[in-house]
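The values are calculated or read from the model by the stated rules, or taken from the named source; none is laboratory data. Predicted, not measured: the structure shown is a model, and the values here were computed from it. A quick note on method: Cβ atoms are made from the backbone with ideal geometry, for glycine too, and the neighbour counts reach across all protein chains shown.
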Amino acid sequence: MASSLLIGIPQSLKYFGFSRVWESFLAESGFDLVYSGPTTKDVVDKGIECSVSEACLPVKLIHGEVASLEGKVDRVFLPRLVNISGTTVFCPKFLGMPDMVRASLGNKVELLSPRIDLRKGPRDVSRSFLESVRGLGEGGMRAARTRLRDLVASLRIPQDFDAAPVAAAATVADGTPEDGPTIGVLGYPYLVENEYASMGLVRKLAGRGVRVLKVPDVSEADLASVSGEFDKQVFWYFSDRVVKAGYHWCRAGAVDGLIHLTAFGCGPDAIADKLLELEARRSGLPYLTVSVDECSGEAGVVTRVEAFVDMLTRVPGGQRYGGMNHNVESDVSAYGAVSSCSHCANGGNGERSHCAAGTDATDAQPWHQVRP
Amino acid sequence: MPLEPTQRTLNLGTKYGPEFACLPLKITLGTYMEGIQRGADTIVTSGGVGPCRAGYYSALHKKILSGVGCDVRMVVFEPPMSHKRDTLAKVKMLNSAHLSGLSIIELLYPVYAELLALDHLERALRRAMPRETVKGASEAGYKKGVEMVFAAAGTRQIREAEAEGLRLLRSTPQDETADPVRIGMVGEIYVLLEPASNLYMERVLGELGAEVHKSMYLTNWIMGNVVVEGGGFSARKAAAKYLPEMVGGHGQDSVGNTVIYAEQGLDGVIQLAPFTCIPEIVAKAVLARVSEEHSIPVLSFFLDEQTGEAGMRTRLEAFVDMLKTRKAGAARAVSASRNNKREPLRVIS
Ligand code: SF4
Ligand code: SF4
């Protein structure tokens, strides 16, 4: 039997909470699978090189992950993630991800991009999966076809993370000092679970005796219990879950503080972060936003997180603060100040780039002089 | 009625709005707050359903405004074609003067005529400016025309004012032999249509001798989105090869319109978008491939409150110069090939 095709999968997709659907389908279709591996500086540099400077870190990571698979696999699996909940859609950058990657790496890698949109029902998603592997499949196609329908149906139930570097439960059980604060870490899985991109935030917190709760630790029922709080459901799948998890923790008094890990320039988080900040303030919960991008210095994150944890620890028993909202904003990425950025050599070329190194400060004139 | 956005409006929106919000969100928030300060107690705005952020503005604004203690009544119009009952209910609620359906439409008609007149005047200005032999003459003619349209009352007078304005513009001394570089402008609707937000880029381009073609005017947007939802069919069809998915905002339109402009033989395209604008970031990535395959240079601007005019102007000057040399080069190639009867170059006609 000819050796079966090797399909590469970008590492970030591992943290999405439903990767078992495509892992099972592709494996049962007779393909060999390989994830692109944990993020390294090289993957980030590759990502920066082949994506637009305005893209957020996660988009650059996925570009870098695809680029790192070049020449090592027969196809790269990169689905068009549209909708798996029936209501909320994915961020527009995921809606257009295959087209963005094809625009910069189209001649170097061949993509398998089934369109996953459960609003059109499981049959349409199954058909799209089968369509994407037509002509490539081994003998196993028949077996995969029958299992596919219930695999697709299971998209709705997020799996727990086996890939999490520090499973939340471990931090709770392993004898964390009883009076250590509990912190809810809010953020998208492809950031929070990515050791490099999150600069080991969860691991560092656990290491300082913090009991860490993460969004996947909040049950579906608890997420649903706060939906009445919103005039409109937040549009995007992960943002909706992150905001609801934050609202739940505020309501249930389950945490002593919230840390929101967000990517610099993230569109949906401009809304999600403000909703969370307002809710934390209303509940008197300390709230810290850590915004990261490829220029973020680890030292910056560590000092600010430690200050936040100290502040929570100094109060005996870590009980809540009446109204005092330690809302340490400002983004870590030395944005706005000249930073020696190891990743991007480009200075500001007039157009404000995420990394302000070299931006000509006199350029930032008042936004608008009313012309006579 | 809201005033034209000013620096103060933006400062308000930036102060109370999220840092990474896109420019339109900050400006609309600032406009609401200025309106409230001038005594408004009701905000009428548009909703939307995503996937980009516009549709969520109203819900976020409401939370921000109540967070700073102004609980103002917000009437949000969702896309009428898919929210018929809801739209009618809101019109009735706002219709305190109990105007009949017919009279409401009669009211809207001159407003639309006025918008149409302003769009036509602007197009004429964009055509006249790079050809004017007396610097600033077309701008003056345009301003005069706009004043006449604003002064006119009723559809007939508006039409007359428009005709007079157009005549004025056409009568400015122009060099008809001029063959200016033609630049298409694509991107997010707010920064395309609000000159204050794009630092008067069209005027700068006109001054640099370029003829600007805008892919979107308010009137064809109104026809596009309000009357026929997703009206930009031709642009979306042209984008299909590069970006087949609806990514929200005008991402697909930016890609499709660039393909159309390339096929129409324009010399270059400028993409305009607010900083962090999600659909336009997707479009910018895809436009790199369109630019290569259709050999049309594309320059992207992501604007926000810190964008400097000097920086923008230098990039525009470099872009227009490049297009001029490229256009001259192409013209020389045609005449050369015609002389020695070789297979003529595939020239952008
Ligand atoms: S949600 Fe934010 S971080 Fe995630 S892909 Fe979209 S813009 Fe990037
Ligand atoms: S299209 Fe861009 S600027 Fe407009 S709301 Fe969406 S993200 Fe903001």
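Right, A:Tyr188: away from ligand 1 (no atom under 16 Å from the Cβ), buried (at least 17 other Cβ atoms within 10 Å of the Cβ) and either more than 18 Å from the chain's Cα centre (by Cα) or over 15 Å from A:Leu288 (Cβ atoms) (or both) or not? When the stated conditions are applied, A:Tyr188 does not pass them. Note on the stretch B:209-220: residues that are crowded, with 18+ Cβ neighbours inside 10 Å and modelled with pLDDT under 80 total 1. The residues in the stretch B:122-141 that are in contact with a strand residue (DSSP E or B) (Cβ under 7 Å, 6 or more places away or on another chain) and part of a loop (DSSP other than H, G, I, E, B) can be counted, and the count is 1.
When the stretch A:217-249 is limited to residues that are aromatic (Phe, Trp, Tyr) and within 16 Å of ligand 2 (Cβ to nearest atom), the one that is farthest from the other protein chains (Cβ to nearest Cβ) turns out to be A:Trp236. So, A:Phe31, is that one more than 30 Å from B:Cys277 (Cβ to Cβ) and either out of contact with any Cys (no Cβ under 7 Å at 6 or more places or on another chain) or small (Gly, Ala, Ser) (or both) or not? In short, yes.
Counting only residues that are modelled with pLDDT of 75 or more, within 14 Å of B:Ser46 (Cα to Cα) and either of a type in the set (A, V, I, L, M, F, W, C) or assigned to a helix (DSSP H, G or I) (or both), the stretch B:58-83 holds 9 of them. Of all residues in the stretch B:279-321, those satisfying the criterion of being in a helix (DSSP H, G or I), at the interface with another protein chain (Cβ under 7 Å from one of its Cβ atoms) and surrounded by fewer than 19 Cβ atoms within 10 Å (Cβ to Cβ) are B:Ala288, B:Glu309, B:Ala310, B:Thr314, B:Arg315. Residues in the stretch B:43-58 that are facing chain A (nearest Cβ under 8 Å) and in contact (Cβ under 8 Å) with a residue 40 or more places away in the chain: B:Gly50, B:Pro51, B:Cys52, B:Arg53.
What about A:Leu33, is it more than 12 Å from chain B (Cβ to nearest Cβ), among the aliphatic types (A, V, I, L, M) and part of a helix (DSSP H, G or I)? Spelling it out, it is not the case that A:Leu33 is more than 12 Å from chain B (Cβ to nearest Cβ), among the aliphatic types (A, V, I, L, M) and part of a helix (DSSP H, G or I).
To keep it simple, each residue is scored yes or no on (1) among the charged types (D, E, K, R); (2) within 21 Å of A:Gly265 (Cα to Cα); (3) within 16 Å of ligand 2 (Cβ to nearest atom).
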| position | (1), (2), (3) |
| --- | --- |
| B:Phe301 | no, yes, yes |
| B:Ala310 | no, no, no |
| B:Arg313 | yes, no, no |
| B:Ala333 | no, no, no |
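If you take the residues in the stretch B:154-208 that are small (Gly, Ala, Ser) and surrounded by fewer than 16 Cβ atoms within 10 Å (Cβ to Cβ), which one is farthest from B:Arg126 (Cα to Cα)? The selected residue is B:Gly154. Does A:Gly284 qualify as being part of a loop (DSSP other than H, G, I, E, B), surrounded by fewer than 23 Cβ atoms within 10 Å (Cβ to Cβ) and either in contact (Cβ under 8 Å) with a residue 60 or more places away in the chain or away from chain B (no Cβ under 12 Å) (or both)? Against the criterion (part of a loop (DSSP other than H, G, I, E, B), surrounded by fewer than 23 Cβ atoms within 10 Å (Cβ to Cβ) and either in contact (Cβ under 8 Å) with a residue 60 or more places away in the chain or away from chain B (no Cβ under 12 Å) (or both)), A:Gly284 qualifies.
No other residue among A:Pro58, A:Pro79, A:Pro92, A:Pro114 is under 21 Å from B:Ala283 (Cα atoms) and within 16 Å of ligand 2 (Cβ to nearest atom) apart from A:Pro92.
Among the residues examined, B:Ile27 qualifies as in a helix (DSSP H, G or I), among the β-branched types (Val, Ile, Thr), touching a Pro at 6+ places or on another chain (Cβ under 8 Å) and away from ligand 1 (no atom under 16 Å from the Cβ).
Being closer than 18 Å to A:Val109 by Cβ, among the aliphatic types (A, V, I, L, M), within 16 Å of the chain's Cα centre (by Cα) and more than 16 Å from ligand 2 (Cβ to nearest atom) is the requirement here; does A:Ile7 meet it? It would help to see each step written out before you state the result.
Numbers: closer than 18 Å to A:Val109 by Cβ: yes; among the aliphatic types (A, V, I, L, M): yes; within 16 Å of the chain's Cα centre (by Cα): no; more than 16 Å from ligand 2 (Cβ to nearest atom): yes.
In short, no.
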